Structures are given as structure tokens and as C-alpha cells.
Amino acid sequence: MKLKVLRSNNGGEDTSREFNQYCKDHGIQRQLTTTYTPQQNGMAERMNRMLVEKAKTMMTGRNVSDYLWGEVVCVAAYLTNISPTSSILGKTPEEAWVGKKPTISHLKIFGCTVYMHTLKEKR
């Protein structure tokens, strides 16, 4: 798949000459919102809010420590990407992007006990 349009805020990290040139070289259309107006990027704001709500629910439901916040948000995003959505006619976002249905056999119950393997040489 090829990225066609990139909408971002007007922050400095997204407006450098190098990044603008990269987008131009790769045929990516840039859309910049007005500074300090997240309302102009409603879809991204809704997704951010939904990810935060999922993460909070997961953390509260399993009594997970706050220091794992970033990992829990990544899990919430991953689960969102492999879950069906009506906006793409019952497909998952990953399926629409990659072209094949994602497997879910590797998923475990969130908050279950895990053990880290340490190589014998490093014990």
C-alpha cells in the first residue's frame, strides 16, 4: 500500500524542510491543521480518546501498575488493528492494509502471569 495523504498538526516536528521534501519525493499530499485546534483532526482525536479509554479499562480491570501505561496503549492499538470494523465492511484494519486476515491464536488473557526466559549463560 502507498500512503497518499498525511494530515497532521502544524507542529514543528512535522513541518521540517527535510520531511516536506520526503513527502514531495514520494507523492504524499500534506494536509496541515491550524495550530492548537485538535478539533480539525476529529478522526485522530476520537481514535486517541478510544485508545486511552481502552487502556484505562484494561489497567483497571486487571489492576495493572501505571508504569506499564505505554505498553497497555500499544496492546489497545494492536487489538484495535486486528478487530473487525464496520468502516471497512467487516474487515479488520490489518486485513485491509495487508490483504489477509490476521491470526489471533497467539493472544492471551490480558494481565495473565508471564515468565521471562533468561538464557542459561546469562543467569
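The values are calculated or read from the model by the stated rules, or taken from the named source; none is laboratory data. Keep in mind that this is a model prediction, so the values were computed, not measured. Cβ coordinates were reconstructed from backbone atoms using ideal geometry, including for glycine residues, and neighbour counts include every protein chain displayed.
Things worth noting here:
- In the stretch 9-23, the residues that are under 21 Å from Met43 (Cβ atoms) and at pLDDT below 90 reach residues that are surrounded by 13 or more Cβ atoms within 10 Å (Cβ to Cβ) and not acidic (Asp, Glu) with C-beta atoms within less than 8 angstrom, at least six apart or across chains, in these pairs: Asn9/Leu32; Asn9/Thr33; Asn9/Asn41; Asn10/Leu32; Asn10/Thr33; Asp14/Ser8; Asp14/Leu32; Thr15/Leu32.
- One residue stands out among those in the stretch 83-117 that are at pLDDT below 90 and among the polar types (S, T, N, Q): the one that is surrounded by the most Cβ atoms within 10 Å (Cβ to Cβ), which is Thr85.
- Close pairs from the stretch 42-70: first of a type in the set (Val, Ile, Thr), partner part of a helix (DSSP H, G or I), Cβ under 8 Å, at least 6 apart: Val52/Val73; Val64/Met58; Val64/Val72
- Qualifying residue in the stretch 96-111 (condition: under 18 Å from Met47 (Cα atoms) and of a type outside the set (A, V, I, L, M)): yes
- Of all residues in the stretch 68-90, at least one satisfies being among the β-branched types (Val, Ile, Thr), closer than 24 Å to Gly111 by Cα and not in a helix (DSSP H, G or I).
- The residue that is surrounded by the fewest Cβ atoms within 10 Å (Cβ to Cβ), counting only those in the stretch 51-66 that are polar (S, T, N, Q) and part of a helix (DSSP H, G or I), is Thr60.
- Yes/no for Asn48 being within 20 Å of the chain's Cα centre (by Cα), surrounded by 13 or more Cβ atoms within 10 Å (Cβ to Cβ) and either closer than 30 Å to Cys112 by Cα or polar (S, T, N, Q) (or both): yes
Conditions (1) touching a strand residue (DSSP E or B) at 6+ places or on another chain (Cβ under 8 Å); (2) assigned by TED's automatic domain parsing to the domain that holds Thr113; (3) under 22 Å from Val114 (Cβ atoms), marked per residue:
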| site | (1), (2), (3) |
| --- | --- |
| Leu3 | no, no, no |
| Tyr22 | no, no, no |
| Ile28 | yes, no, no |
| Met58 | no, yes, yes |
| Val64 | no, yes, yes |
| Gly70 | no, yes, yes |
| Tyr78 | no, yes, yes |
| Gly90 | no, yes, no |
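- Sole exception among (1) closer than 30 Å to Met1 by Cβ; (2) surrounded by fewer than 13 Cβ atoms within 10 Å (Cβ to Cβ); (3) modelled with pLDDT of 85 or more for Lys120, by number: (1)
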